[in-house]
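One structure is given here, and the rest of the page talks about it.
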Amino acid sequence: MAHFETLTDFIRQTEAQFRIFDMGRCISKLSPDSFRKIELGQIPYPKPFLHQAWIAILMWNPKQASENVVWFLKLPLDEQGYLVQAARDDFLNRLLQNLTNSMGKGPLDQPADASEYRDALKDNPFSFTPDQEKMAAFHATATLTTRQPASTFYDRAKQYFHGKTSLNGWDTLGYQGIADYVIRYQQGNNENKLAAIFTQLPDVPLEAACTFLEHIQPGEVLSEAIRNRLTSSVAEARVSANQIGALLRAISQTPENDQKIAALTQVLESPYGRDPEVIAALASRCWASLQYPQLLRLFLETLADNNAGQACFNRVMADLMFIPTLRALTLQQFRSPERSEALSLAIGGMFGDGFL
């Protein structure tokens, strides 16, 4: 059986076209060179989530792009965010053994056809299945990447978000169609049309669209529409915490600027800021904004007084402090003599429970 130093080396040997995506906090591209450096322990994983690297590898034959293969992997990270080499080696050995057993010969001894690798992760402990939302978003991303048509639900979603059907007719929309529409935001004036209608959307299609907005990088017009919907919803205080959480997911990939920080500050200073659903969205999706010291300080103080208590504080901090850029900033806040008594108690409770 052939030996490969990294998974990246193995995939390159298949001669298939491939793309690597981070699947943890949002779907984003990982360059093969960066992933190889991660595999070799040269750099930490850039966006760890729940102490693991969540990865999707999309492979296809250019002549049969519709016959693509996807591997969903979760690989453990050490306390500094580096890939655990032994786990990666174990995964790669299992993969090669599965391919050898199923093909009856070495996995590289036959023509490069990505479909041959479809079942290579069978019974592999490092594989996972994304939830419905993430799977719909990834399917939309995969078809766009391989230049395949969107799903059959796309046209109906496009008609709806372009304002050509009743806003109350959302119950005829397919979930995959909404995913395709948002992920293809740069096509057919989709982004501007969505921005124009965003503040008018009923709750259900709004929250569905927000689910997929966290995987794109909206331009100025759409970013402003998302921000306006979020700030008005917080000010009116009539919507559910779940909807605020959805809007936070939508705003997470918009540019880091003063207006965005002001909107997040407004959320944290409102009663919504102490709700576990809102806290989870802020921590898991808007973590990059928490690199602003003033916002991080407010977040930590609000988290210390959250509605779900010490357990919520522990879970959130155990995840956030795994992100290299946030760990140092958080420890600075922990040492600040200006921290409140509530935050001091929460920090003591966390260390006392052995979370870090």
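Taking the Cα centre of the stretch 198-323 as origin and charging only Cβ (+1 Lys, Arg; -1 Asp, Glu), how large is the dipole, in debye to the nearest 20?
Magnitude of the dipole: close to 100 debye.
Report the extension gain between Thr152 and Gln186 in nm, rounded to one decimal, defined as 0.36 nm multiplied by the number of residues separating them, less their alpha carbon distance.
This chain segment gains 10.4 nm when fully extended.
Across the chain, how many lysine pairs, 8 or more positions apart or on different chains, have C-alpha atoms separated by under 23 Å? Please give the number.
18
On a full-extension model of 0.36 nm per residue, what is the gain between Asn257 and Asp123, subtracting their alpha-carbon distance, rounded to one decimal in nm?
43.7 nm
If you take the charge dipole of the chain about its Cα centre, with +1 on Lys and Arg Cβ and -1 on Asp and Glu Cβ, which of Trp71, Gln52, Ser344 is farthest toward its positive end?
The one lying farthest along the dipole's positive direction is Trp71.
I need the semi-axes of the equivalent ellipsoid of the stretch 209-356: take the C-alpha gyration tensor, multiply each eigenvalue by 5, square-root it, list largest first in whole angstrom.
Square roots of five times the eigenvalues give 26, 16, 13 Å.
Under a Cβ-Cβ cut-off of 11 Å, what is the net charge of the residues other than Ala246 that fall near it, where Lys and Arg count +1 and Asp and Glu count -1?
On the way: positive: Arg229, Arg249, Arg285; negative: Glu133, Asp203, Glu207, Glu214, Glu277.
Result for the local shell: -2.
So what is the calculated 222 nm ellipticity per residue for the chain, using -39500 (n - 2.57) for each DSSP H run with n of 4 or more, over all residues, to the nearest 500 deg cm²/dmol?
On the way: 16 runs with 181 residues, N = 356.
When only DSSP H runs of four or more count, the value is -15500 deg cm²/dmol.
Just by accessible area at a 1.4 angstrom probe, what is the order of Glu39, Glu256 from largest to smallest?
Glu256, Glu39
Using 5 Å bins from zero, what percent of all Cα-Cα pairs in the stretch 134-188 falls into each bin?
Calculated over all Cα pairs of the stretch 134-188, the distribution is 4, 23, 32, 22, 12, 5, 1 percent.
What percentage of the solvent-accessible surface of the chain, computed with a 1.4 Å probe over protein heavy atoms, is contributed by carbon and sulfur atoms?
47
Which peptide among 323-332, 166-175 comes first, and what is the full order, when sorted by highest mean count of other Cβ atoms within 10 Å?
323-332, 166-175
Can I get the semi-axes of the stretch 24-80's equivalent ellipsoid? Compute them from the C-alpha gyration tensor as square roots of 5 times the eigenvalues, in angstrom, largest first. Intermediate values should be presented prior to the final figure.
On the way: eigenvalues 121, 33, 16 Å².
Three semi-axes, in Å: 25, 13, 9.
Could you work out the local net charge near Gln333, counting Lys and Arg as +1, Asp and Glu as -1, over the other residues with Cβ closer than 13 Å to its Cβ?
Values: positive: Arg297, Arg327, Arg335, Arg339; negative: Glu301, Glu338.
So the surrounding residues net to +2.
Among Thr129, Thr211, Thr199, which one shows the biggest mean-square fluctuation in a GNM of the chain, springs joining Cα atoms closer than 10 Å?
Sorting by GNM fluctuation, first place goes to Thr129.
Placing +1 at every Lys and Arg Cβ and -1 at every Asp and Glu Cβ, with all other atoms neutral, what dipole size does the chain have around its Cα centre, in debye to the nearest 20? Kindly include the intermediate steps, with their values, before the conclusion.
Details: 33 positive and 39 negative charges, 106 e Å.
The dipole magnitude comes to about 500 debye.
What is the mean projected area of the alpha carbon convex hull for the chain, to one decimal in square nanometres?
Here the figure is 18.9 nm², rounded to one decimal.
Rolling a 1.4 angstrom probe over the protein heavy atoms, how many square angstrom per residue are accessible across the chain? Don't jump to the answer; show the numbers that get you there.
Working: 16260 Å² over 356 residues.
Normalised by residue count, the accessible surface of the chain is 46 Å².
Quick check: Cα centre of the stretch 133-163 to Cα centre of the stretch 256-274, how many Å?
When both Cα centres are located, 31 Å separates them.
Using a 10 angstrom cutoff on alpha carbons, build the Gaussian network for the chain and name the most mobile of Asn189, Asn98, Asn314.
Looking only at Asn189, Asn98, Asn314, the biggest GNM fluctuation is shown by Asn189.
Could you list which residues have their amide H under 5 Å from that of Met23, counting only those 5 or more apart in sequence or on another chain, with H placed in the peptide plane?
Trp54, Ile55, Ala56
I want the local charge near Tyr181. Using Cβ-Cβ distances under 14 Å, sum +1 for each Lys or Arg and -1 for each Asp or Glu among the other residues.
Value of the local net charge: +2.
Would you check the accessible area of Val70, probe 1.4 Å, heavy atoms only, in square angstrom rounded to 10?
50
The values are calculated or read from the model by the stated rules, or taken from the named source; none is laboratory data. Note that the structure is predicted; figures quoted are calculated from it, not measured. Please note: Cβ atoms are built from the backbone with ideal geometry, for glycine as well, and neighbour counts cover all protein chains shown. SASA here: full protein model, heavy atoms, side chains in, ligands and nucleic acids out. Shrake-Rupley method; radii C 1.70, N 1.55, O 1.52, S 1.80 Å.
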